[in-house]
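The values are calculated or read from the model by the stated rules, or taken from the named source; none is laboratory data. Predicted model, so just to flag it, every value in this text is computed and none were measured. Don't worry about glycine lacking a Cβ; one is built from the backbone with ideal geometry, like all the others, and counts go over all protein chains shown.
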Amino acid sequence: MASSLSVSKITTPNTNSASLPESLRSRSIKTCFLPFNNTNHFKTNLSASSLTTTRENRFVTSLRIRCSQTDGNGVPAKRTVLHDLYEKQGQSPWYDNLCRPVTDLIPLIESGVRGVTSNPAIFQKAIPSSSAYNDQFRELVQAGKDIDSAYWELVVKDIQDACKLFESIYDQTDGGDGYVSVEVSPRLAEDTEGTIEAAKWLHKVVSRPNVYIKIPATAACVPSIKEVIANGISVNVTLIFSLERYEAVIDAYLDGLEASGLNDLSRVTSVASFFVSRVDTLIDKMLEKIGTPEALDLRGKAAVAQAALAYQLYQRKFSGPRWEALVKKGAKKQRLLWASTSVKNPAYPDTLYVAPLIGPDTVSTMPDQALQAFIDHGAVARTIDSNASEAEGIYNAIQKLGIDWSYVGSQLELEGVDSFKKAFDSLLDSLQEKAKSLKLVSK
């Protein structure tokens, strides 16, 4: 693996901000790589071609992850349960985080991580807090780039460098794994055509076979998903909170494949990011408001139950004559990806949104907390469909209490989009302030 993860292969992006589409000049996204939770700290000096930074980092002793002291190669981690998760149960563990230096991903890859997801909130935490972006940002500002263009160049470089690190996994699995996701601007969540334009542009400037362009599963963007897939661009559909919207996402993927006109569909892939923990956060509040013993007993059960039903839907939709006709052209299933897997309620087990959702042809993307917990004490077994009738019973019981699942999905979607918009706006504001300070210093 060492050769395939050589830092020397990471190149500076060739992003031409002049080609930034108009719809993106006032709208954008973000991504980050959060430190692992541990009280141990140490200074890191990374020197590898254009990747040079000094920053404080934390590490997880169970992963034996430490930032590199000289060459960015880290300390090789031993075999973990993440390897078993993929090899024995067919689920791909991904990391829900990204920031510089991307070489921090190397020990994670060696520990079994097979892909990376990012979102606007992640970049909002990463870019302003790290000095690793300063040199490139200073060059962009001095070259007269506007803030939106500068932001995208920072992001594209991170995505390209991460794609290079996961390229060997992508190649070894014939395009089945090893993806890095980057999201279109959250300001485009209600803009069908703007989303299509942004996805095409991002795909072009990143120019890596293993990049996933993230598109939200809003009603306005479902048609965008179809069009982008039809253009041969692989997509990570994000912010899915309901079974109804999930089915629409699957149909958009199938429609896009059929409309592509391609004879070989093997390189057009997709994942559907079904959010989990946020479902319990909202429904638990509603159950507590109802307050009956029956309602209170359902707390912490809604999210996993709905996810289990989503897996049943996945199995139904990716079978039968329509799907088999696409398989003959090399089509791959749109895998279910479990997102929002960190536990928000400390009273719940820290692997609540990982351990019960293990099944073949799925992805679990985990932030630091969930990843550390599962590696430390997670058990690998097929659980996603171990008790389908119980999942259906929980889902129906919640509905009988007067909780509208459609409302829950719509409300969480609004909150998710709004959260990403605020994170994006906050990041642009901080970059604007940094640009002003750089200009003042240079005078």
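Quick notes on this structure:
- Yes/no for Ser185 being at pLDDT 95 or above and of a type in the set (S, T, N, Q): yes
- The criterion of at least 3 residues that are surrounded by 17 or more Cβ atoms within 10 Å (Cβ to Cβ) is met, among helices (runs of 4 or more DSSP H) falling completely within region 315-430, by 368-377, 388-400.
- Selection status of Lys164, closer than 15 Å to Leu431 by Cα, out of contact with any Asp or Glu (no Cβ under 9 Å at 6 or more places or on another chain) and not acidic (Asp, Glu): no
- All of Ala198, Ala259 fail the test of being farther than 28 Å from Ile398 by Cβ and either surrounded by fewer than 20 Cβ atoms within 10 Å (Cβ to Cβ) or not aliphatic (A, V, I, L, M) (or both), apart from Ala259.
- Residue within region 48-60 that is at pLDDT below 95, among the aromatic types (Phe, Trp, Tyr) and not in a loop (DSSP other than H, G, I, E, B) present: no
- Here the condition is being over 17 Å from Asp385 (Cα atoms), at pLDDT 95 or above and crowded, with 24+ Cβ neighbours inside 10 Å; of Ala302, Ala272, Ala295, it holds for Ala272 alone.
- If you check Arg335, Arg322 for being over 18 Å from the mean Cα position of the chain (by Cα) and closer than 30 Å to Ser260 by Cβ, only one passes: Arg322.
Per-residue answers, yes or no, for (1) free of Cβ contacts under 8 Å to residues at least 12 places away in the same chain; (2) of a type outside the set (Asp, Glu); (3) crowded, with 24+ Cβ neighbours inside 10 Å:
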site: Thr173; (1), (2), (3): yes, yes, no
site: Val180; (1), (2), (3): no, yes, yes
site: Pro209; (1), (2), (3): no, yes, no
site: Ile215; (1), (2), (3): no, yes, yes
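Here's the yes/no breakdown for (1) out of contact with any Asp or Glu (no Cβ under 7 Å at 6 or more places or on another chain); (2) charged (D, E, K, R):
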site: Thr192; (1), (2): yes, no
site: Ile196; (1), (2): no, no
site: Tyr212; (1), (2): yes, no
site: Cys221; (1), (2): yes, no
site: Gly232; (1), (2): yes, no
site: Gly261; (1), (2): yes, no
site: Val268; (1), (2): yes, no
site: Lys289; (1), (2): yes, yes
site: Pro293; (1), (2): yes, no
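- Selection count, region 213-272, where residues are small (Gly, Ala, Ser), in contact with a strand residue (DSSP E or B) (Cβ under 7 Å, 6 or more places away or on another chain) and in a helix (DSSP H, G or I): 1
- A single entry from Pro128, Pro107, Pro93 fulfils the requirement of being more than 30 Å from Asp429 (Cα to Cα) and part of a helix (DSSP H, G or I): Pro107.
- Inside region 273-293, residues that are more than 23 Å from the chain's Cα centre (by Cα) and in a helix (DSSP H, G or I) make up a count of 9.
- Conditions (1) over 17 Å from the mean Cα position of the chain (by Cα); (2) touching a residue at least 40 places away in the same chain (Cβ under 8 Å); (3) assigned to a helix (DSSP H, G or I); (4) over 24 Å from Asp425 (Cβ atoms): number failed by Glu197: (4)
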